[in-house]
Amino acid sequence: MAPTPYAFVSCHVERPLDDAVWAAFSRFQARRPGGFAVAALMRPPDAGEDEARWLERARGATARGPFGHHTHWGGETQARPVGGDPAERVRREGEWIRAHGLDPRVFCGGGWYLDAAVAAAVADLGYVDATATAYRQSYLAADAPRVSAAQPTWLRLDDGRRLLELPATHSLGMLVRGLAGPLPRVVHVHFHDWDLVDRRRAVALAVALRLLRLRRRPVDVVRAAELAAAEAPQVLFGQAAGVESPAGGQQAPLAGRADG
């Protein structure tokens, strides 16, 4: 019997302290368009940001759907690392979140950043990862650290541990354009909280998710991880990151791009 196709949705909540953005995201998450429970992958507060308000809003998000951790290494406007120890920041943020009674289940690196040390930190925190993508971001340099995966995959880390990867397959724009054609068996739609301030984009996403429901069974990211864990293939982290291949050469990235 063939596995059932399914889909799930996550939002990179990058402006949780912006009142207009937060209100738009909260409304959208509460409505669950197409029956999708949107996972809130929230950027923790940076230096000088209001921690108490962030925690209040994070607790509100957990009441409406799954909750996750989204690191920006330079605050709201700088997603990817520009120095320091990227893995240490992930651990520190994750420990801070849990120390305040929250239980993030999923991680996504800002700017799709994931290297071996960050992957180990994600595993240390007991997260499922959602940083990989099934497409190449056109704005990233060819040697920029990132991970490619077409469908859910177990990443074998250097120390022998495994990290479950739930790659994003569609941005908002890719979903709108792709619904008329073939879809992968497992669809992971991602968008940003600030997308929803633009009414046209918010409406387009809601309509697209209702149409997606006609082709893929809606699940939340926690259930998606349970389903994937039982059937996902395994690959060495270095292969998925394009660092090495079984033959010792560079692995070609997956084709495709996103602009939505």
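Annotations
- Annotation: amide H-H contacts under 5 Å for LEU236 (H modelled 1.01 Å from N, sequence separation of 5 or more, or interchain): ARG156.
- Average accessible surface for the chain: 43 Å² per residue, computed with a 1.4 Å probe over protein heavy atoms with every protein chain in place.
- ARG31 versus ARG161: modelled label distance in nm, points set 7 Å from Cα along the beta carbon direction: 4.0
- Highest average packing first - 9-19, 96-106, Cβ atoms within 10 Å: 9-19, 96-106
- Spatially, the stretch 64-127 and the stretch 1-21 are offset by 16 Å when compared through their Cα centroids.
- Computed lengthening from LEU236 to ARG213, 0.36 nm per intervening residue step minus Cα-Cα distance: 5.0 nm
- Extension gain, GLU95 to TYR139: 0.36 nm times the residue separation minus the Cα-Cα distance gives 12.7 nm.
- Residues of the stretch 3-18 with amide N under 19 Å of a point placed 7 Å along Cα→Cβ from ARG53: 13-18
- Atom-type composition of the exposed protein surface of the stretch 135-225 places 57 percent of the accessible area on carbon and sulfur (1.4 angstrom probe).
The values are calculated or read from the model by the stated rules, or taken from the named source; none is laboratory data. Worth saying up front: this structure is predicted, and the values here are computed from it rather than measured. Note that each Cβ is placed from the backbone with ideal geometry, even for glycine, and that neighbours are counted across all protein chains shown. Surface accessibility is based on the protein's heavy atoms, side chains included, excluding ligands, DNA and RNA. Shrake-Rupley method; radii C 1.70, N 1.55, O 1.52, S 1.80 Å.
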